[in-house]
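Working notes, beginning with the structure itself.
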Amino acid sequence: MISRSTPAGARRRRRTRSRTLRILKMLPSAALRDLERQVGTAHLHARPADLAAYAFDAFGASGERRLPDAVVLPATTAEVSGVVQICARHGLPIVPRGAGSGYAAGAVARHGGVIVNLCRMNRILELDPQRGRLRAEAGVVTAAIHRRAAGAGLDYPPDPGAASTSTIGGNVACNAAGPHAFRYGTTADFLVGATVVLGDGRIARLGEGGEASPLLTGLEAAFGAVAEIALEGIVPAALEFLDRSAVDAVARTGILAAPPGMALVLVELEGEEAAVRAETAAAGTALSTAGAARVDRAASPADAARFWEIRKAVSAAVATVMVGKINEDVVVPRDRIGELVARTERIGTRHQVPVVNFGHLGDGNLHVTFLVDPRRPGERERGDAAASDLFETVLGMGGSLSGEHGVGTTKLAYAERQLGAEGMGLMRRLKRRYDPAGLLNPGIKLPEPAP
């Protein structure tokens, strides 16, 4: 027994050692030593077992995996600057990462290199209620921003569905929106300044308190009801849509009392009490006229919270329907979102993949989710083909590839189609200006130019 198991154990050890050496050889030992001195041994990961958790972001539900060469976890802006300087000196690609909750594979090391995980930079540094200003590090979870603002009697409106897990740095990077974008705008509308680390490690301060840099800051019945509400001159604080498949997914969990078998429109109104009463009545009439099966009104804050819990549960509930999902967040003109929903159903049927739709009617941002099981031969490919059809459809409707998830790597093939050669050229010139060595997240967001 010993003679049989020992060689096998040795083979396992040799295989493990071989894999470890292969990873370490990709990153110069001098670079590893420099990074270790910068962030400390406990905050540098280079073993394959430790790197595996960083091989994907939320897009990993589709089966995508890319292993980095190392992961560092700096705790301060100065440490981030030092890490970037080291990577620039050794010619190593750099991939910034927050919570990894993005759906566009934008926080994945497509070309290897170093992932800079900002989760340790999770402090709210200052809150000035008089000026309505909050200063936070990039790794602060969005929900913590909401809680801190509310505790001071203020409100921070951008509320993406992943607010309990996403970080404010990721929100800024992707211009996250959420249900209340219709009335209050997106993250970019609330960003007054930023401290950034450039491609050579220099620290720059933009916007408030820094240099000005405007280039860097700065079903059918349901949709008929939305049009009616707009004609009444009502501007809801939030306007959300969940199709039947999304509501059914929530209902199947048994956790929340969602109304199965029907689509759901959420309309949130706010303002002076008399005005809200009048707008509530008008919105209810518009919904009923458009053919709503029923109209429920929240009689208390607890009732309102119950409705919103259904919306917030969608993403997790859909994940229980199938092993994997390809979640896209496209945008079309508001008056065409009903048409897009119908087209996504046909796309799903054509490629034999179930589809779930939900999103923000206020800004025409639809979250189209194709459900796949990447373990089954050909299913991931069908999901990718469905996503490609979706992008073609959206561009043909005069829409945008992304509302808040970003381009990442999943939409690179279509970025120039949307922006045009001149627009893409401008973005490449901006990148060369602030990242002359091309080390910051290479191959992400901007297609690599042809030789």
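The values are calculated or read from the model by the stated rules, or taken from the named source; none is laboratory data. All figures in this text were calculated on a predicted structure; none of them were measured in a lab. Cβ coordinates were reconstructed from backbone atoms using ideal geometry, including for glycine residues, and neighbour counts include every protein chain displayed.
Could you list, in sequence order, the residues of region 379-393 that are closer than 14 Å to V407 by Cα and touching a helix residue (DSSP H, G or I) at 6+ places or on another chain (Cβ under 7 Å)? Let's see the steps before the verdict.
Residues of region 379-393 that are closer than 14 Å to V407 by Cα, as a first pass: 387-388, 391.
Once the filter is applied, which keeps residues that are closer than 14 Å to V407 by Cα and touching a helix residue (DSSP H, G or I) at 6+ places or on another chain (Cβ under 7 Å), region 379-393 yields only F391.
Look at P179 and say whether it is touching a Phe, Trp or Tyr at 6+ places or on another chain (Cβ under 6 Å) and either at pLDDT below 90 or not in a helix (DSSP H, G or I) (or both).
On the way: touching a Phe, Trp or Tyr at 6+ places or on another chain (Cβ under 6 Å): no; either at pLDDT below 90 or not in a helix (DSSP H, G or I) (or both): yes.
The answer is no for P179.
Would you point out which residue out of R131, R147, R135 is more than 30 Å from P28 (Cβ to Cβ), surrounded by fewer than 17 Cβ atoms within 10 Å (Cβ to Cβ) and in contact with a strand residue (DSSP E or B) (Cβ under 6 Å, 6 or more places away or on another chain)? Even if it seems obvious, please write down each step before you answer.
On the way: R131 fails: in contact with a strand residue (DSSP E or B) (Cβ under 6 Å, 6 or more places away or on another chain); R147 fails: in contact with a strand residue (DSSP E or B) (Cβ under 6 Å, 6 or more places away or on another chain).
Result: R135 is the single residue among R131, R147, R135 that is more than 30 Å from P28 (Cβ to Cβ), surrounded by fewer than 17 Cβ atoms within 10 Å (Cβ to Cβ) and in contact with a strand residue (DSSP E or B) (Cβ under 6 Å, 6 or more places away or on another chain).
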